[in-house]
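Below is one structure, written out as structure tokens, with a few remarks after it.
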Amino acid sequence: MTGDATSKALRHARNAKAAAREAPPPKTLEAIGFVDAASAIRAWPGYAPTPLVQPPGLAEELRLEALYVKDEGQRLGLKSFKALGGAYAVQRLVATAKGPVTVTCATDGNHGRAVAWGARSFGAKAVIYMPEFVSPGRAAAIEALGAEVRRAPGNYDEIVRQVAIDAKQNGWHVVSDTSYAGYTDAPRQVMYGYGVMAEECIAAFKGEPPTHVLAQAGVGALAAALCARFWIEWGPRRPRFLTVEPETADCVFASIEEGKPATVTGDLATVMGGLSCGEVSKLAWEVLRTGVDDALAIGDSWAIDAMRMLARATPPVIAGETGGAGLGALIALAEAPNLKRHLDLTPDSRVLVINSEGDTDPAIYREIVGAS
Ligand SMILES: Cc1ncc(COP(=O)(O)O)c(C=O)c1O
């Protein structure tokens, strides 16, 4: 569901509870879990690290020393980082289950595609629930992997609850990317899977961490996985960590402001469909509560600008609507010099953003960018 494509909103919240640089990482996600996930995922057929690119000219345009884009559009042919988490959690589940397994989840598109791919790869059935407004192209991509797609009324968080009820009735296994009280096992594995992205970045940075990371947040699992893994690796030298959300679905922002998990309700309309979530994941919050230094909320126009900026780069980087969010925030900050200074984003900064998806719906990509 699209929001207001003309909105140039930019809001900032400093995390009053941000941990001191010397503080140890939270125990929620531990090194051993990341190691296990990385060794399993590296053995998948077709696995290759995704590129960490520095599109020529963009750092200068944004007045930074360096801009690194981790390009998840090229992940395992599934066009988003989500492939790492959902499929890994399915693999672990199938390995320990007795008898045939049916997995299920709610999705705005990418997580369901990952779970469907995992089910096909590791021998399970998949029933994937999607909000009615998610584009037909995203549903077709999931069906093409052999999963059953069910459309359901309500927003992402409401469908998460519906899935839990239906799974109980049918004896299915929920492989959700979000966690809630009493349900943390699969989402923890999903986050360990996402950690592979962080491992690849760590290897590419060769001991010289970036100064800032801008990670987009839906339920916050991606941001928490990166934050935790970088914290474990780099300790006090870890980058300043910023989350980026749509202004209309800013549950991490609201939680940071309130100092406790906060719910955003309504239709959560935004062009950044993967971030259209109103409740932060329980596990993700345990990391983000002190791991986030600053939260940002942006209007849709910045995400669209980012898609176009990356499409103009040489060579082009294909970023879907959600993929461009981190860069979108940097573009917005270029027009807000006081806030930019406040965030210590200077011409000496070396900034990492995640292009978390490619053209996961090619028709929408063409419509926004004007090219395929
Ligand atoms: C492409 C993309 N980027 C980022 C996110 C946000 O991830 P999370 O919900 O773990 O915060 C999603 C979630 O679906 C996504 O699909």
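The values are calculated or read from the model by the stated rules, or taken from the named source; none is laboratory data. In this text the structure is predicted, and so the values were computed from the model without any measurement. Glycine gets a Cβ as well: all are built from the backbone with ideal geometry, and neighbour counts include every protein chain shown. For the accessible areas, the whole protein counts, side chains as well, though only heavy atoms, and no ligand, DNA or RNA atoms are used. Shrake-Rupley method; radii C 1.70, N 1.55, O 1.52, S 1.80 Å.
With each run of n ≥ 4 DSSP H residues scored as -39500 (n - 2.57), what mean residue ellipticity at 222 nm is computed for the chain after dividing by its residue count and rounding to the nearest 500 deg cm²/dmol? Don't jump to the answer; show the numbers that get you there.
Values: 14 runs with 157 residues, N = 372.
The per-residue figure over the chain is -13000 deg cm²/dmol.
If packing is taken as the average number of other Cβ atoms within 10 Å across a peptide's residues, how do 173-185, 244-256, 13-25 rank, most packed first? Intermediate values should be presented prior to the final figure.
Numbers: 173-185: 19.5, 244-256: 27.4, 13-25: 13.5.
In descending order of packing, they fall as 244-256, 173-185, 13-25.
Quick check on the chain: what are the equivalent-ellipsoid semi-axes from the Cα gyration tensor, as sqrt(5λ), descending, whole Å? Can you show the working numbers first?
Numbers: eigenvalues 170, 99, 82 Å².
The three semi-axes for the chain are 29, 22, 20 Å.
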Whole-angstrom gap from the stretch 123-187 to the stretch 343-372, using each part's C-alpha centre: 27
Surface share of carbon and sulfur [accessible, 1.4 angstrom probe, percent] for the stretch 57-142: 50
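Would you please report the Å³ per residue occupied by the convex hull of the alpha carbon atoms in the stretch 82-185? Show your work: numbers first, answer last.
Values: hull volume 9.1 nm³, N = 104.
In the stretch 82-185, the Cα hull volume divided by residue count equals 87 Å³.
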Sparsely packed GluC sites (Glu not before Pro) within the stretch 305-365, loop by DSSP, other Cβ within 10 Å at most 16: E335
Along each principal axis, Cα extent of the stretch 128-216, largest first, Å: 49, 33, 24
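Order 61-67, 94-100, 294-300 from most to least packed using the mean count of other Cβ atoms within 10 Å.
Working: 61-67: 17.1, 94-100: 9.4, 294-300: 25.0.
Sorting 61-67, 94-100, 294-300 by mean packing, highest first, produces 294-300, 61-67, 94-100.
Over 26 Å between Cα atoms: which of K27/K340; K79/K340; K79/K125; K70/K260; K8/K82; K282/K340 fall into that group?
On the way: K27/K340 32 Å; K79/K340 31 Å; K79/K125 22 Å; K70/K260 30 Å; K8/K82 28 Å; K282/K340 30 Å.
Long pairs (Cα-Cα over 26 Å): K27/K340; K79/K340; K70/K260; K8/K82; K282/K340.
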Rotationally averaged projected area of the stretch 1-127 (alpha carbon convex hull; nm²): 12.3
Cα convex hull of the stretch 166-218, projected area averaged across orientations, nm²: 5.2
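Could you give the size of the charge dipole of the chain about its Cα centre, using +1 on the Cβ of each K and R and -1 on the Cβ of each D and E, expressed in debye and rounded to the nearest 20? Write out the running numbers ahead of the final one.
On the way: 37 positive and 42 negative charges, 176 e Å.
For the chain, the charge dipole is close to 840 debye.
Could you tell me what fraction of 2.2 N^0.38 Å the Cα radius of gyration of the stretch 279-372 comes to, as a two-decimal ratio?
On the way: Rg = 14.9 Å, N = 94, 2.2 N^0.38 = 12.4 Å.
Ratio of Rg to 2.2 N^0.38 Å for the stretch 279-372: 1.20.
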Carbon + sulfur, % of accessible area of the stretch 168-208 - ligands and nucleic acids excluded, 1.4 Å: 47
Solvent exposure of the stretch 82-185 as accessible area per residue, Å², 1.4 Å probe: 41
